[in-house]
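S.K.: Sharing a structure, written as structure tokens. Questions coming.
Computed from the coordinates by the stated procedures, all read-outs in this text should not be read as laboratory data. Not measured: the values here are computed from a predicted model. Note: ideal-geometry Cβ built from the backbone for every residue, glycine included; neighbour counts use all protein chains shown.
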Amino acid sequence: MIRRCGRLLHKTKVRSHCPTEELRDFGLPNATWNKNLKDLYNKFLELSKNGSWKRIPSHNTIAHHLQGIGKRMFLRNLDSDGLGFEYCMFYNKDERRMVCLFQPGPYLEGPPGYAHGGCIATIIDSTAGAGAVYTCGSVMTANLNITYFKPVPLGCTLFVDSHVDKIEGRKVYSSCHIQSYDGVILHAEASALFIKANH
Ligand SMILES: CCCCCCCCCCCCCC(=O)SCCNC(=O)CCNC(=O)[C@H](O)C(C)(C)COP(=O)(O)OP(=O)(O)OC[C@H]1O[C@@H](n2cnc3c(N)ncnc32)[C@H](O)[C@@H]1OP(=O)(O)O
């Protein structure tokens, strides 16, 4: 059993923590991105030209963002592109919005052909969480409520749009919608409560 696991791990190139590994920005286009993802990415690059939006670099540790000691980030734990969470984020400071352009790969399957609900929760938590971090510093998720409206086909392009709605002391209230790349299908919506670090 362990040997079988070992072979599987080897085949799928699951990453182990390697502090000397070269830092790579995964939020840049690669050969596995489909046309819709590339088009949305280019649209947001264009919107970034006047400074309203900013592309957020995405490494395989969060040390870059939080000046801490990062190990391996959950969303960036596969070496091969396109298999898991393929995404990039853009932040708009004035609007307190973080958007994520997301293409769920085949290893995120739940129901046959569709993304697992847990990976949808992960991308919502990460997008809204990153929005809260960029708006007011280090946070922890205290509460996350999701309504799933339509299943998400693997390999499609999603537009994840989060917004910091309200800040009350250490409490940061956010909302998030997941739509198809063209805005036609609303796949899920969520509300989240983040608590700012107590320091
Ligand atoms: C590409 C870009 C990347 C960007 C980089 C970064 C990515 C980052 C992505 C991040 C995304 C990933 C993120 C993750 O995955 S975070 C990992 C998942 N989350 C956790 O493990 C959190 C576990 N819980 C805790 O650690 C504590 O309970 C926290 C820290 C949340 C609060 O404990 P703490 O002792 O510090 O605070 P407090 O108890 O004094 O309470 C303070 C206030 O908050 C209110 N309250 C507390 N809990 C709840 C609740 N459940 N509902 C409603 N209200 C709640 C409470 O009533 C009080 O209100 P008030 O009395 O003041 O009015």
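S.K.: Applying a 10 Å radius around every beta-carbon, put 84-94, 143-153 in order of their mean neighbour count, most first.
M.R.: So the peptides 84-94, 143-153, ranked by packing, come out 84-94, 143-153.
S.K.: Now a separate question. Give me the extension gain from L47 to F74: residue separation times 0.36 nm, minus the current Cα-Cα distance, reported in nm with one decimal.
M.R.: 6.9 nm
S.K.: How would you rank L37, L47, going from fewest to most other Cβ atoms within 10 Å of each one's own Cβ?
M.R.: L47, L37
S.K.: For the range 43-199, state the average projected area of the convex hull of the C-alpha atoms over all orientations, rounded to one decimal in nm².
M.R.: The Cα convex hull of the range 43-199, projected and averaged over all directions, gives 9.4 nm².
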